[in-house]
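See structure below.
Rule-based calculations on the coordinates, nothing more; no lab input. Quick caveat, the model's predicted, so the values are computed rather than measured. Don't worry about glycine lacking a Cβ; one is built from the backbone with ideal geometry, like all the others, and counts go over all protein chains shown.
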Amino acid sequence: MRIGVLTGGGDCPGLNAVIRAVVRKGVGAYGHEFVGYRDGWRGPLEDDRRPLGVPEVRGILPRGGTILGSSRTNPFAGEGGPERIAANLEAVGVDGLIAIGGEDTLGAASRLHTEHGLNVVGVPKTIDNDLSATDYTFGFDTAVNVAMEAIDRLHTTADSHHRVLIVEVMGRDAGWIAVHAGLAGGANVILIPERQFDVEAVCDLVARRFAGHFAPIVVVAEGAQPLGGMPDAGDAPTDAFGHVRLGGVGHWLEREIERRTGKETRATVLGHVQRGGTPTAFDRVLATRFGLHAIEAAHEGRWGTMAALRGTDIKLVELTEATDELKTVPESFYAEAEVFFG
Ligand code: F6P
């Protein structure tokens, strides 16, 4: 068999571990050949390929990013994208694709399979951990550890200067990074997209923390919104899938908290630091297992499926199951974090 591999959407630690596992098992166990498509769906759309064999995947397990490159190209954005992809795959004898991506990349994979009959197996990737049908996506654990370390460091400087320190973390629609990193780092307030927040209530928690002679750390997910919404949202650029470029709630909160409490307040935006660099052991193992199961699925012709973590097992689920609905933070989990607020 000849199998194409692509990585799409925001990059994330562990992508190279998946590629390595797919190729090592595909070549070693089944004698398959691989084609590396560059930059997500742009690769098969424009027939931009690179060799992908065992020599190309040597030494990449601990490396962040993706050797294949990534983009947010949407194959459904213009005219005839799916047909071009099908023709390009056929021209070079590619039997099917392994698409490693998040909501958008796998959403496109799912449509290409169900509406255009393309052979695709998915692997769930995103630091945001917001894909349904899998308990965890790889990349998330690394992002949480980066954010937790930042919170640990901010605690000591916040206490020294009696300041409010805000950490803005990624998380467009789901606050998984914020809640996990906030719980692990002992944050005093955690704000997530699933629940609009009241700035006055945040200021009360800030005051309560100062009353105990410690300085507060506020963790805010980039997609979190105050009651009534962010005043200046709406004029930011959008990507090919229509997502607005986020970022700004941390600095908005900085001004609001300082104005309302009179306490010096500073915001740190972690941004892409959370996505870059070497994956944790957890992410390397999860990514490797996803890769092994994805190539097995492709070998067996189980197209239209995705490798997913269920408990401690990797299972194959329908791609549609993973992309129909986002997985958000449940109220009960947020309530556990709330115990430590203030
Ligand atoms: O990959 C998901 C994500 O990390 C979101 O949390 C964030 O909003 C987005 O990517 C940022 O993407 P970009 O780097 O393309 O601006």
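Structure notes:
- Cα-projected label distance for F241 with A77, points at 7 Å along beta-carbon direction, nm: 1.2 nm
- Stretch gain in nm, segment D159-E200, where the contour uses 0.36 nm per residue and the Cα spacing is subtracted: 12.5 nm
- Full extension of the segment from A87 to H116, taken as 0.36 nm per residue of separation minus the current Cα-Cα distance, would add 9.3 nm.
- Coupling constants for segment 160-165 follow from the phi torsions by the Karplus curve (6.51 cos²θ - 1.76 cosθ + 1.60, θ = phi - 60°), and in residue order they are 4, 9, 6, 10, 8, 10 Hz; glycine and proline get x.
- If you sort the three axes of the alpha carbon gyration tensor as a ≥ b ≥ c, you get a/c of 1.5 or more for segment 3-48 and a/b no higher than b/c, which makes it oblate.
- Among the GluC sites (Glu not before Pro) in segment 266-342, those placed in a DSSP loop whose Cβ has at most 13 other Cβ atoms within 10 Å are E300, E325.
- Cα gyration tensor, the chain - rounded (a/c under 1.5), prolate or oblate: prolate
- Estimated purely from DSSP H runs of n ≥ 4, each contributing -39500 (n - 2.57), the mean residue ellipticity at 222 nm for the chain is -12500 deg cm²/dmol once divided by its residues.
- Likely footprinting exposure, Y334, Y30, fewest C-beta neighbours within 10 Å first: Y30, Y334
- Neighbourhood net charge (13 Å Cβ-Cβ; Lys/Arg +1, Asp/Glu -1) for P193: -3
- Order of W176, W252, W41 under a 10 Å beta carbon neighbour criterion, fewest first: W252, W176, W41
- Comparing N16, N129, N188 in a Gaussian network model of the chain where C-alpha atoms under 10 Å apart are linked, the largest mean-square fluctuation is found at N188.
- The charge dipole of the chain, taken about its Cα centre with unit charges on the Cβ of Lys, Arg, Asp and Glu (plus for the first two, minus for the last two), comes to roughly 1060 debye.
- Applied to segment 257-273, the Karplus parametrisation 6.51 cos²θ - 1.76 cosθ + 1.60 on θ = phi - 60° returns per-residue 3J(HN,Hα) values of 5, 5, 5, 7, 9, x, 8, 4, 10, 10, 10, 10, 9, 6, x, 6, 4 Hz, with x for Gly and Pro.
- Structural size metrics of segment 169-256, computed from C-alpha coordinates, are Rg and Dmax of 13.7, 48 Å.
- Put the Cα centre of segment 156-231 next to the Cα centre of segment 294-337 and the gap is 29 Å.
- Gyration tensor (alpha-carbon) shape descriptor, segment 249-342, a/c threshold 1.5: prolate
- Of the residues R289, R195, the one with the fewest other Cβ atoms within 10 Å heads the list, and the complete ranking is R195, R289.
- For the chain, the longest principal axis of the alpha carbon atoms and the long axis of helix 103-116 meet at an angle near 30°.
- 28 Å tail of the calculated P(r), segment 47-194, as % of Cα pairs: 38 percent
- Mean separation of Cα contacts under 8 Å, 6 or more apart, over the residue count of the chain: relative contact order %: 23 percent
- Annotation: amide H of E168 within the under-5 Å range of V220, T268, V269, L270, sequence separation 5 or more or interchain, hydrogens built in the peptide plane.
- Proximal lysines relative to K125, as straight alpha-carbon distance under 24 Å, when same-chain residues fewer than 8 apart are discounted: K25, K315, K327
- Selection of trypsin sites (Lys or Arg not before Pro), segment 36-79, meeting DSSP coil and at most 13 other Cβ within 10 Å: R58
- Within a Gaussian network of the chain (alpha carbon springs, distance under 10 Å), most fluctuating of E264, E222, E115: E115
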